[in-house]
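Here is the structure we will look at, set down as structure tokens.
Just so it is clear, none of the values below were taken in a lab; they were calculated from the coordinates. Remember, it's a predicted structure, so these values are computed and weren't measured experimentally. Using ideal geometry, Cβ is built from the backbone for each residue, glycine included, and neighbour counts are taken over all protein chains shown.
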Amino acid sequence: MENKEIMEVIRKFDFQGELQECIPYGSGHINDTFRLAFCFEGRNKRYILQRMNKNIFLNPEELMDNVSGVTAWLRKKILADGGDVERETLNLVNTRDGRPFYKDSCGEYWRAYLFIEDATSFDQVENDDDFYQSAVAFGHFQRLLSDYPAATLHETIKDFHNTADRLRKFKEAIKNDVCGRAAEVKPEIQFVLEREKLAHILCDLQKNGEIPLRVTHNDTKLNNILIDNKTGKAICVIDLDTVMPGLSVNDFGDSIRFGASTAAEDEKDLSKVFFDMHLYELYVKGFIEGCGGALTEIEKDMLPVGAMVMTFECGMRFLTDYLEGDHYFKIHREGHNLDRCRTQFKLVKDMEEKLQQMKDIVKKYR
Ligand code: ADP
Ligand code: GN1
Ligand code: MG
């Protein structure tokens, strides 16, 4: 994007001081994120600026309504607990005319947050304790929102973790085959079709009222949490675009598929990709602790299946996007989404083999 355009956007927000730097930041697959540095009263002051992806979030104003509501709610709870509201939740920076977002002359939506200093978001587990800490924090996040008025939340992406609907869209993508790529990914397509049943398990349990809808994060990957550089504690849950009513087991599962892997999500060499039982166990322990007794017995029973379903769903989403010409997830090389899909399916296969052990571990901590 042109320098001039982004300067126009920056001027609209109520940032303090003189702009020193604006650089693309982070490794999210969805939004365009920038880190801004200002000099204010002789000190460095930093912010995050994001252009929201309006092809994915069809109603950015509703989305920002959710983010404003959820961050205000978390602020109150953190204050009541004597916590640090500038580091333990995202803090929106308003525009100069007092709005939580800015719509630019091209119709793009922007928002800004205080930059949380001395904290890191990891794309892969570097230290086992970080993963455990992230589990406690995601569980705790769900608990803080357990009495949030769920009916006021907008559904920012319809059927986001409706795995059965994801399967339907996947089949559509094969049928349409707009890029002529289906023939080349026959084994991956076969992998999904042999496991169709997986797509229905959680949706059916929820429909039958056996597992509850809760306010959940819905995108609980490790890089959506900030770990304090000094204390090693997970301090802040970020990326709140998909906070909506959802399933606790999906929040659990999404963390497992991303974090409890021996390799990166887009590793090309599949001989490096395994499901890591030790990391899984750490996360089970942390998540159950973080939820603080809120999970029902059936939810606990379904945690291992949740991990498998979310990994399967995500692999299927990457493959759907590959078939449709990579319009959803940002890619940085040819075949990037296919590589991502393959790591997920390798993990699913590994989980299938280890399912009994996964269940035994849950029993240990329930
Ligand atoms: P995406 O939806 O594209 O994943 P995120 O909201 O997760 O976007 O932001 C991308 C990255 O930017 C995060 O993984 C994190 O590294 C960084 N980030 C986002 N918000 C903040 C913040 N307030 N303070 C520090 N870093 C942040
Ligand atoms: C996207 O926004 P980000 O990069 O944290 C995606 C998740 C996927 C994830 C796969 C809104 O997450 O659902 O699981 O990529 N977010 C959205 O890495 O689709
Ligand atoms: Mg993110």
| Tally, over the stretch 208-229, of residues that are touching a strand residue (DSSP E or B) at 6+ places or on another chain (Cβ under 9 Å) and not in a strand (DSSP E or B) | 6
| message | Condition (residue is more than 30 Å from ASP159 (Cα to Cα), in a loop (DSSP other than H, G, I, E, B) and not hydroxyl-bearing (Ser, Thr, Tyr)) applied to the stretch 22-36: is it met by at least one residue? | response | no
| message | For the stretch 162-171, check the following and say yes or no: at least one residue is away from ligand 2 (no atom under 15 Å from the Cβ) and assigned to a loop (DSSP other than H, G, I, E, B). | response | no
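Looking at TYR365, TYR328, TYR322, can you tell me which residue is hydroxyl-bearing (Ser, Thr, Tyr), farther than 28 Å from LYS169 by Cβ and in contact (Cβ under 8 Å) with a residue 60 or more places away in the chain?
When all the criteria are applied, what remains is TYR365.
Report, by residue number, each residue of the stretch 189-228 that is within 16 Å of ligand 3 (Cβ to nearest atom) and out of contact with any Ser or Thr (no Cβ under 8 Å at 6 or more places or on another chain). Spell out the reasoning first.
Kept after step one, since they are within 16 Å of ligand 3 (Cβ to nearest atom), are these residues of the stretch 189-228: 216-227.
Hits for the stretch 189-228: nothing passes.
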| message | Please determine whether any residue of the stretch 4-15 is exposed (fewer than 13 other Cβ atoms within 10 Å of the Cβ) and either within 16 Å of ligand 3 (Cβ to nearest atom) or aromatic (Phe, Trp, Tyr) (or both). | response | no
| query | Can you name every residue in the stretch 43-67 that is surrounded by fewer than 17 Cβ atoms within 10 Å (Cβ to Cβ) and assigned to a helix (DSSP H, G or I)? | reply | GLU61, GLU62
| In the stretch 87-143, which residues are of a type in the set (Phe, Trp, Tyr) and either within 18 Å of the chain's Cα centre (by Cα) or assigned to a loop (DSSP other than H, G, I, E, B) (or both)? | PHE101, TYR113, PHE115, PHE122, PHE131, TYR132, PHE138, PHE141
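Restricting attention to the stretch 269-303, report how many residues are assigned to a helix (DSSP H, G or I), aromatic (Phe, Trp, Tyr) and either in contact with a Leu (Cβ under 6 Å, 6 or more places away or on another chain) or more than 12 Å from ILE361 (Cα to Cα) (or both).
1
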